[in-house]
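**Q** Handing you a structure now.
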Amino acid sequence: MSATILLRNTRARRSDATSSFIQYGLIIVTLMLVLSIVKPAFSGNISAGRLTAALVAFTKAEESSEAPEALVVEPANASPVVEPASETLRPSLKRALDYVSRRYRVAPEALVPIFEAAQSVGRESRLDPLLIIAIIGIESRFNPFAESPVGAKGLMQVMPDIHLDKVPEGAGEQPFLDPVTNIRVGVHVLEEAIRWRGSLTGGLQHYGGSPTDPEAGYANKVFAEKQRIEQAARRGNGPRA
């Protein structure tokens with residue numbers, strides 16, 4: 001109910017109460033006149049004062065019962081603001097983040113979205129997030145704007161000309177420089193390489209551009225970095241000097 005309607009109703013009720021009071025007042029005056037005339041004929045004692053008091057009390061009670069309740073203004077119905085859900089890092093990844101922050105001299109705040117993306121994408125692709133983190137450390141040292149002489153970009157050094165088809169829709173004008181998009185595309189490239197080569201080691205070698213290396217140098221480098229991060233995550237401390 002609006003304030004204008006509420007005020008109009010309140011005035012109407014007060015006007016009705018005033019009219020009733022005047023009517024009852026006239027009745028009392030008439031009764032008093034009648035009593036003054038016929039009083040000797042009655043043995044009973046009728047008090048005009050009591051009648052007047054009763055009328056006033058009734059009128060006030062009527063006004064009180066019809067008085068509007070306090071106006072409560074409630075906010076209009078609106079959809080709740082939904083915060084975008086963030087990935088909660090598991091404890092081992094939090095410890096790994098601390099280690100990587102010290103080892104690569106990167107602020108922890110800058111690493112959080114990278115680790116969250118590695119955890120999320122790793123779960124989707126069934127790859128160990130620490131393997132993804134190890135590749136990022138070797139490829140870009142956690143610099144999302146890194147670019148190689150041959151044009152590979154971002155955290156996982158993805159080739160835009162070759163892997164543009166793997167960029168998700170709505171990724172923006174510079175998708176390969178976006179940490180989350182770059183990780184998602186890079187992991188997709190690695191998944192394809194693993195299928196082509198038939199093993200994780202072969203897939204890593206293909207990813208690193210050395211598919212025919214008999215010693216699997218790139219893959220071993222990734223495995224060694226992953227092992228260091230895992231050990232630090234278990235210990236829960238930074239790299240030793």
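We did not get these values from a lab; they are worked out from the coordinates using the rules stated. It should be emphasised that the depicted structure is a prediction, and the values quoted were computed from it without experimental measurement. Heads up, the Cβs are rebuilt from the backbone with ideal geometry, glycines too, and the neighbour counts pull from every protein chain shown.
**Q** Grab the beta carbon distance between E109 and Q231, set R0 = 35 Å, and tell me the FRET efficiency rounded to 0.05.
**A** Once rounded, the FRET efficiency stands at 0.90.
**Q** If r is the Cβ-Cβ distance from I162 to K94 and R0 is 35 Å, what FRET efficiency results, to the nearest 0.05? Don't jump to the answer; show the numbers that get you there.
**A** Numbers: r = 34 Å, r/R0 = 0.98.
The value I calculate is 0.55.
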